[in-house]
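Visitor: Supplied in structure tokens, the structure appears directly below.
What follows draws every value from the coordinates through simple rules; no lab data is involved. Bear in mind the structure is a predicted one, so any value in this text is a computation, not a measurement. We place every Cβ from the backbone using ideal geometry, glycine too, and count neighbours over all the protein chains shown.
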């Protein structure tokens, strides 16, 4: 929480809502209490369903691929290059947004090392004719457009991923196998179970987990 407050909130501002995965550290009572006092909503992505938090999942895959290359080329010093790897990602245009993360955050394109050599700086840093309100208005327009572009991309992905026959309907007490997301070796089970279905939730199901708790899984991660 110390890093969350000092490195995120106090640097970039306080958000209205935070979306997290289902890691136990994000469900700690101390974190919930702090966010509640700040009037910040917290919501969790669907367990074992990567598309419910697609932006973060895509970023992590890109970062992981970059880290693997750094390990192969730099050996033990790979961690020193992480900030540079993050900068490359943040300064490049994301197709679903049609803008870079840097531009969405600061309302201007980033100044790169190429700009330093060419002495070509972003006019937004020096335009004294633009007042603060106009800059904020432009930034909001850019973020709205990026949000619309991302929404269209998500809708396109969802439409392509849905089966023409729709989702299978499960009844209470049906037995299902759930994909093992913690699988580390090729000899481990791909699916765990069987588990009893408690409720059908259209694209997901609620089932009784191994410890007796009610869990939720996407139907794309089920086998019968």
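Visitor: Under the 0.36 nm per residue contour assumption, what length would be gained going from the current alpha-carbon distance of residue 137 and residue 67 to full extension? Before the final figure, lay out each step's value.
Guide: Details: separation 70, 0.36 × 70 = 25.20 nm, distance 3.72 nm.
Full extension from residue 137 to residue 67 adds 21.5 nm.
Visitor: With 18 Å as the cut-off, how large is the P(r) tail for the range 1-50, expressed as percent of Cα-Cα pairs?
Guide: That tail contains 29 percent of the Cα-Cα pairs.
Visitor: By how many nm would the segment from residue 188 to residue 55 grow when fully extended, if each residue of separation counts as 0.36 nm and the alpha-carbon distance is taken off?
Guide: Numbers: separation 133, 0.36 × 133 = 47.88 nm, distance 2.85 nm.
Additional length available on full extension: 45.0 nm.
Visitor: I need 214, 45 ordered by Cβ neighbour count within 10 Å, fewest first.
Guide: Numbers: 214 10, 45 17.
Ranked by crowding around the Cβ, least crowded first: 214, 45.
Visitor: I would also like to ask the following. Hey, fewest Cβ within 10 Å first, where do 77, 21 land in order?
Guide: Details: 77 10, 21 14.
With the sparsest Cβ surroundings first, the list reads 77, 21.
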